[in-house]
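Asker: Before we start, here is the structure in question, set down as structure tokens.
The values are calculated or read from the model by the stated rules, or taken from the named source; none is laboratory data. On a predicted model such as this, the values are computed, not experimentally measured, just so you know. With ideal geometry, Cβ positions are generated from the backbone for all residues, glycine too; neighbour counts draw on all protein chains shown. SASA here: full protein model, heavy atoms, side chains in, ligands and nucleic acids out. Shrake-Rupley method; radii C 1.70, N 1.55, O 1.52, S 1.80 Å.
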Amino acid sequence: MKKHSDSFIKEVRELMYSSRHAVFFGGAGVSTDSGIPDFRSSKGIYSDTSNEYYLSRSCLYNEPEKFFDFYRKNMIFPNAKPNKTHIVLAELEKRGIIKAVVTQNIDGLHQAAGSKNVIELHGTVKRCYCMNCKREYDGSIINNGNHIPVCPVCGGMIRPDVTLYEENLDTLSLYGAKNHIEKTDLLIVGGTSLNVYPAAGFVADYLGAHLVIINLSPTPYDDKAEYVIREPLSQVFEKFL
């Protein structure tokens, strides 16, 4: 394991430009510079563990008023813009260096920055669907309202296309992430504590040539990494270009 220095950032950049199939795996820390709080820090949404209930399947089904009130207040950030990390990742994909972005975030900022091959493990606030007829809608139906959203076609309740507590991750997203990570010779992990499964399992099971972890705090897999960089993501990614 190597710790941070400017020379190591240079080495990682050289690895990226020489890699065959580089993949970025990111978490909440990717979007904090865009003004979106993380989840599990002392000031995160889940610092109060009771908040997990308000984002659960049980709350959605049994107390939808509470669910949508909490969801709109804590998960929707209409003024958030892509930051340097999002922008650089999109440019690296455009150059053919980054082959895929696997994200645990639901904010849609990778796509807003221009990334095309984005695998959203936990879904997105940008989409929603009717729980009855399964018709898909733009997320604004929920995000811009103040009531329980109802399908105009069948009258069923509309829910966000995000993975809630008590629900499994989307199978197709899991398969897509697994496929890319199995092929990659360079896995760059950024802005995630790697404490949440099954997502953290991708890093635990990684057998590729190079693993880089960029995170301000330690993770359970730092010893597995070839490079560990303890710097803000935006500052590091700015140097990658």
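Asker: Between their Cα atoms, which of 66/99; 66/178; 10/178; 73/224; 81/224; 73/178 are more than 30 Å away from each other?
Answerer: 66/99; 66/178; 73/224; 81/224; 73/178
Asker: Between 192, 85, 219, where does the largest GNM mean-square fluctuation fall for the chain, given springs only between Cα atoms within less than 10 Å?
Answerer: Result for the chain, Cα springs under 10 Å: 219 fluctuates most.
Asker: What is the magnitude of the charge dipole of region 109-202 about its Cα centre, with +1 placed on the Cβ of each Lys and Arg, -1 on the Cβ of each Asp and Glu, and no other charges, expressed in debye to the nearest 20?
Answerer: Result for region 109-202 is approximately 200 debye, rounded to the nearest 20.
Asker: Whose amide H sits under 5 Å from the amide H of residue 189, counting only residues 5 or more places off or on another chain, with H placed in the peptide plane?
Answerer: Placed amide hydrogens put 25, 212, 213, 214 under 5 Å from residue 189.
Asker: Another question, if that's okay. Between 80, 177, 199, find the one with the highest GNM mean-square fluctuation for the chain; connect C-alpha pairs within less than 10 Å.
Answerer: 80
Asker: Compute the acute angle (0 to 90°) between the alpha-carbon long axis of helix 84-94 and the principal axis of greatest extent of the alpha-carbon atoms of the chain; round to the nearest 10°.
Answerer: Its long axis makes an angle of about 70 degrees.
Asker: When ligands, DNA and RNA are left out and all protein chains stay put, how many square angstrom of accessible area per residue does region 98-241 have with a 1.4 Å probe?
Answerer: Spelled out: the 1.4 Å probe surface of region 98-241, per residue, equals 46 Å².
Asker: Another question, if that's okay. Below 8 Å between Cα atoms, with a sequence gap of 6+, how large is the relative contact order for the chain in percent? Walk me through the numbers on the way to the answer.
Answerer: Working: 448 pairs, mean separation 63.4, N = 241.
The value is 26 percent.
Asker: Still on this structure, please answer the following. Which ³J(HN,Hα) values, rounded to whole Hz and listed in residue order, are derived for region 58-64 from phi using the Karplus coefficients 6.51, -1.76 and 1.60 in 6.51 cos²θ - 1.76 cosθ + 1.60 with θ = phi - 60°, glycine and proline given as x?
Answerer: Couplings: 4, 5, 4, 7, 9, 9, x Hz.
Asker: While we're looking at this one, here's another question. What dipole magnitude, in Debye to the nearest 20, does the chain give about its Cα centre under +1 on Lys/Arg Cβ and -1 on Asp/Glu Cβ?
Answerer: 460 debye
Asker: Whose amide H sits under 5 Å from the amide H of residue 127, counting only residues 5 or more places off or on another chain, with H placed in the peptide plane?
Answerer: Under 5 Å from the amide H of residue 127 lie the amide H atoms of 139, 161, each far enough along the sequence or on another chain.
Asker: If Lys and Arg each add +1 and Asp and Glu each add -1, what is the summed charge of the other residues whose beta carbon sits under 12 Å from the beta carbon of residue 126?
Answerer: That sum, taken over residues with Cβ under 12 Å, equals -4.
Asker: Obtain the nm distance between the two label points defined at residue 154 and residue 239 by a simple spin-label model: each point lies 7 Å from its Cα along the Cα-to-C-beta direction.
Answerer: 5.3 nm
Asker: Which value at 222 nm does the chain reach when only helices count, each DSSP H run of 4 or more adding -39,500 (n - 2.57), with the total divided by all residues and rounded to the nearest 500 deg cm²/dmol?
Answerer: Value at 222 nm, helices only, nearest 500: -9000 deg cm²/dmol.
Asker: Here is a further query. Could you tell me what percent of the accessible area of region 31-190 is made up of carbon and sulfur, with a 1.4 Å probe and every protein chain present?
Answerer: Whole-percent figure for carbon plus sulfur exposure: 48.
Asker: Step through the residues of region 111-125 one at a time and calculate ³J(HN,Hα) from phi using the Karplus curve (6.51 cos²θ - 1.76 cosθ + 1.60, θ = phi - 60°), rounding each to whole Hz and writing x for Gly and Pro.
Answerer: Calculated HN-Hα couplings, in order: 5, 4, 7, x, 5, 9, 9, 10, 10, 9, 4, 10, x, 8, 6 Hz.
Asker: Check the chain for me: any Cys whose beta-carbon has no other cysteine beta-carbon within less than 4.7 Å?
Answerer: Flagged as lacking a Cys partner: 59, 128.
Asker: OK, next. From the backbone phi of region 178-189, what are the Karplus-calculated ³J(HN,Hα) couplings (6.51 cos²θ - 1.76 cosθ + 1.60, θ = phi - 60°) in whole Hz, Gly and Pro given as x?
Answerer: 3J(HN,Hα) across region 178-189, in whole Hz: 4, 4, 5, 5, 5, 8, 6, 9, 8, 10, 9, 10.
Asker: Further question on the same structure: Springs between alpha-carbon pairs under 10 angstrom, Gaussian network model over the chain: which of 58, 50, 115 fluctuates most?
Answerer: Greatest mean-square fluctuation among the candidates belongs to 50.
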